[in-house]
Structure formats: C-alpha cells, structure tokens
Amino acid sequence: MPSDSALRIVWIYPDLLSTYGDQGNVLVLEQRAQRRGIETETIHVGSADPVPESGDVYLIGGGEDRPQILAAKRLRRDNGLQRAIAAGASMLAVCAGYQIMGSTFGGEEGQPVDGVGLLDISSSRGPARAVGELAAEVDAALDLPMLTGFENHMGVTRLGPGVKPLSRTIVGVGNGDGYEGCYAGHIVGTYLHGPALARNPALADMLLSWRVGPLAALDDSRYEALRQERLTAVLPS
Ligand code: GLN
C-alpha cells in the first residue's frame, strides 16, 4: 500500500472519456514521478463512483458527444473535482474533458450543454471537424518547449478573460482562434491527444511540480526522439 505521502493521481471516468491513448497521460505522470523517487497512487474513478477530493493531480480525457454530456452531468452533480481544485489540486483536461471544464459546450445536435465552470471558456460546434497533427508554441510565461499532438474534434473554444491561451497554433486548429488550449491556476486544458504528456513531457513535469515543487532533470532522449520525429513531420521547413 502506498503511504499517506504518495502522490495521488486521479483518472476521471475512463469508462466514458479516454480516446486516442489519453490513458497514457496517467502512465507518463506515474513514471516521471517514480523516476524521481516519488511514490504514486493512481485512482481510476468510474462514472458511477464519487470523485475523491484528496487527489493531487486530476486527469480527464476525450470522448464522443454522448459520453461527454453524461460525464459533465455527473461531474456537476458530484462536485468532488470542483472541491479538489479549490483545495489546490492540479489538472490536465483533454478535448471533451477540456470542453467540460468550461461553462458550456455543444452537444450532439449543437445544443448548449452545461459544463462544470472550472475554466472561463465556452465551446460550441465549429464549421468542420478538426483532425490531424498539431504543433503550437507555448505561452512564454510557462517556459515550455513547442507542443506536439494529435487533434480530432468538432468543437471550437472561446477563451474568457479568466484564462490565458496555452499556446499559439502553428499547425492544426486547436481552439479555432489561432490558439491551442488554455490555463488558469493549476488547470491546463488542451485539445491534444497523442497522448499529450508522452509527446510533451515538460507539460507533465509542470503539473507535477505545481504539487511537489522543483524536480530533478531526467534522461528524456526517448521522448525527445518521438518529439523530433513528429515535429519534423509537420512543421514547415
Ligand atoms: N465531442 C467533442 C468534439 O467533437 C470532443 C471530441 C474529443 O474528445 N475527441 O468536439
């Protein structure tokens, strides 16, 4: 059994939201914590179960419209995630999970559906499905290398004044306004699959360090080879 001091990683609703390898985000966080000698405990929260409030890092993935609507309803009713974030937990929300963090998003007929309101964003259905590789330059304040990932969504996302764009899109669609994702407090929202943290280990370290403080450097040559292959394939030369 992990000790009380183990880093608690909470994977929300894998039965509803986990597309394009998003569960890999859980594995990357576990690995990068453990390689620094930090013990981890991972909790998979099914959609019929309460979301624990005592987690350190929360992860939620992408999904299709109907499971996304169901997940939003359950998270709104449950309120555990909202309490955990208020208590200082960090979070990575991907695609459908990103849209759910906002005030509203577009349902399967484009109808507005209420989100949980943890991010000052609202999403709706865009003119065309955004599918393919994405590369984006991260907001300088975060001091992270270029983002690489894969997107597949109908939604476009409008950012309010309470959040900052995570990155400026170079290849791909992202939010649909020239930017990709957003951040506020200790929450990062993104359209990136791939999974996002395997393609962008510096983003994983940012989520971890928000909870545990500065982290030792790791040998990231395998991650770097994947990043370079993907970025070389998509960036204009
Ligand atoms: N259903 C949402 C959309 O199409 C999210 C898709 C996803 O998570 N991949 O915008």
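The values are calculated or read from the model by the stated rules, or taken from the named source; none is laboratory data. Quick caveat, the model's predicted, so the values are computed rather than measured. Heads up, the Cβs are rebuilt from the backbone with ideal geometry, glycines too, and the neighbour counts pull from every protein chain shown. Just the protein is used for accessible areas: all its heavy atoms, side chains included, with ligands, DNA and RNA removed. Shrake-Rupley method; radii C 1.70, N 1.55, O 1.52, S 1.80 Å.
A 1.4 Å probe, protein heavy atoms only, puts the accessible area of Thr19 near 40 Å².
Spatially, segment 205-224 and segment 149-178 are offset by 24 Å when compared through their Cα centroids. Taking other residues whose beta carbon is less than 13 angstrom from the beta carbon of Tyr20, and scoring Lys, Arg as +1 and Asp, Glu as -1, yields -3. Out of every Cα-Cα pair that segment 136-198 contains, those further apart than 16 angstrom amount to 38 percent. On the chain, 50 percent of the accessible area sits on carbon and sulfur atoms, based on a 1.4 Å probe. Of the whole protein surface, Val173 contributes about 60 Å² of accessible area at a 1.4 Å probe radius. Per residue, the average separation of C-alpha pairs within less than 8 Å and at least 6 apart gives segment 9-156 a relative contact order of 19 percent.
Loop-resident trypsin sites (Lys or Arg not before Pro) (DSSP state other than H, G, I, E or B) in segment 121-204 with no more than 15 further Cβ atoms inside 10 Å of their Cβ are absent. In the context of the full set of protein chains, segment 54-204 has a per residue accessible area of 36 Å² (1.4 Å probe). Normalising by residue count, segment 132-237 has a Cα convex hull of 102 Å³ per residue. Would you please classify the overall shape of segment 61-168 from the alpha carbon gyration tensor, given that a ≥ b ≥ c denote the square roots of the eigenvalues, rounded means a/c under 1.5, and beyond that prolate means a/b larger than b/c while oblate covers the rest? Cα axes put segment 61-168 in the oblate bin. Hey, how much of the P(r) for the chain falls beyond 34 Å, as a percent of Cα pairs? Taking all Cα-Cα pairs of the chain, the fraction more than 34 Å apart is 9 percent.
In the chain, helices alone account for a calculated mean residue ellipticity at 222 nm of -8000 deg cm²/dmol, with every DSSP H run of four or more residues adding -39,500 (n - 2.57). At a threshold of 8 angstrom on Cα-Cα distance, excluding pairs fewer than six apart, so keeping six or more, what relative contact order does segment 127-193 reach in percent? Relative contact order here is 33 percent.
Residue order by solvent-accessible surface for Glu41, Glu109, Glu151 is Glu109, Glu41, Glu151, largest first, with ligands and nucleic acids left out and a 1.4 Å probe. Stokes-Einstein diffusion for segment 104-163, with the hydrodynamic radius set to the Kirkwood value over Cα pairs and evaluated at 20 °C in a medium of 1.002 mPa s, equals 161 µm²/s.
Largest GNM mean-square fluctuation among Gln99, Gln23, Gln31, using the chain with Cα springs under 10 Å: Gln31.
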